[in-house]
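Participant: The structure's right below; bear with me while I get my questions together.
Quick note: the coordinates plus some simple rules give every number you see, no bench work behind them. These numbers come from a predicted model, not from an experiment. FYI the Cβ positions are ideal-geometry reconstructions off the backbone, even for glycines, and counts take in every protein chain you see.
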Amino acid sequence: MSKKDKKEEIIEEQIESQEVDVLSVEEKLLEDLQKEKDKFLRLFAEFENYKKRTTKERIELFTTASQDLMSSLLPVLDDFDRAYSEISKSNDKDLLKGVELISNKLKDILKSKGLAEVEVKSGDVFNADNHEAITQIPAPSKKLKGKILDVIEKGYALGDKVIRFPKVVIGQ
């Protein structure tokens, strides 16, 4: 081989190694770009989940923010119900109407704030998840075994959350 051929060969090798270096640099850049895209997509998804979670928590907070106040007013509602039942036994219809108007106004205000009465009546099937059994008494008939015989205290829910379970007597 001549000196000229050797020089050309060396030059060709250098050109090939530079092409390989250029390709490897390009491949590295594409790989880095793909990694950054993946990080971005993960971060974006995480942020979207965070937004959904905080929105849900905020809505839940607004619906149950007044739970303490509502819970403290429940005995007042019970007292109105007791007063109404006692006054209805008397002949004073004006007094009965006055108590009824005040009671209805209070109940309407609380209902507009999300308070709802848990519907329970005698003869319903007892469910430990939805009712609180105060006592069991012998059932007057076989049909009433395991069913609610009397409602001692009404239950209330604030939004979807029960803040006081109905207290009931069940047949044994």
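Participant: Please sort by residue number the trypsin sites (Lys or Arg not before Pro) in segment 77-114 whose DSSP state is loop and whose Cβ has at most 15 other Cβ atoms within 10 Å.
Facilitator: Lys89, Lys113
Participant: Mind putting a number on the dipole of the chain about its Cα centre? Charges go on the C-beta only, +1 for Lys and Arg and -1 for Asp and Glu, and I need it in Debye to the nearest 20.
Facilitator: The calculation lands at about 1540 debye.
Participant: Tell me the label-point distance for the pair Lys105, Ala45, using the 7 Å Cα-to-Cβ offset, in nm and rounded to one decimal.
Facilitator: Each label point lies 7 Å from its Cα, and together they span 5.7 nm.
Participant: Taking the Cβ of each residue in Tyr50, Tyr156 as the centre, tally the other Cβ atoms inside 10 Å and list the residues starting with the fewest.
Facilitator: Arranged by neighbour count, lowest to highest, Tyr50, Tyr156 become Tyr50, Tyr156.
Participant: Give me the net charge of Ala139's neighbourhood, meaning all other residues with Cβ under 9 Å from the Cβ of Ala139; Lys, Arg count +1, Asp, Glu -1.
Facilitator: +4
Participant: Also: Would you mind ranking Glu153, Glu48 so that the residue whose beta carbon has the fewest other beta carbons within 10 Å leads the list?
Facilitator: Going from least to most buried by this count: Glu48, Glu153.
Participant: Multiply the residue separation of Ser141 and Lys35 by 0.36 nm, subtract the distance between their alpha-carbon atoms, and state the gained length in nm to one decimal.
Facilitator: So the chain would gain 30.9 nm between Ser141 and Lys35.
Participant: Further, regarding this structure: Consider all pairwise Cα distances in segment 66-113 and report the whole-number % of them above 11 Å.
Facilitator: The answer is 68 percent, as a whole percent.
Participant: Could you list the GluC sites (Glu not before Pro) in segment 55-141 that lie in coil according to DSSP, counting only those with at most 12 other Cβ atoms within 10 Å of their Cβ?
Facilitator: Sparse-neighbourhood loop GluC sites (Glu not before Pro): Glu119.
Participant: Can you flag which of Lys105/Lys167; Lys113/Lys145; Lys113/Lys143; Lys7/Lys28; Lys107/Lys143 are past 27 Å Cα-Cα?
Facilitator: Lys113/Lys145; Lys113/Lys143; Lys7/Lys28; Lys107/Lys143
Participant: Can you pull the one-decimal nm distance between simple spin-label points at Asp92 and Asp79, each 7 Å off the Cα toward Cβ?
Facilitator: The two pseudo-label positions are separated by 1.7 nm.
Participant: Another question about this same structure. Can you give the helix-only mean residue ellipticity at 222 nm for the chain, where every DSSP H stretch with n ≥ 4 adds -39500 (n - 2.57) and the sum goes over all residues, rounded to the nearest 500 deg cm²/dmol?
Facilitator: About -22000 deg cm²/dmol.
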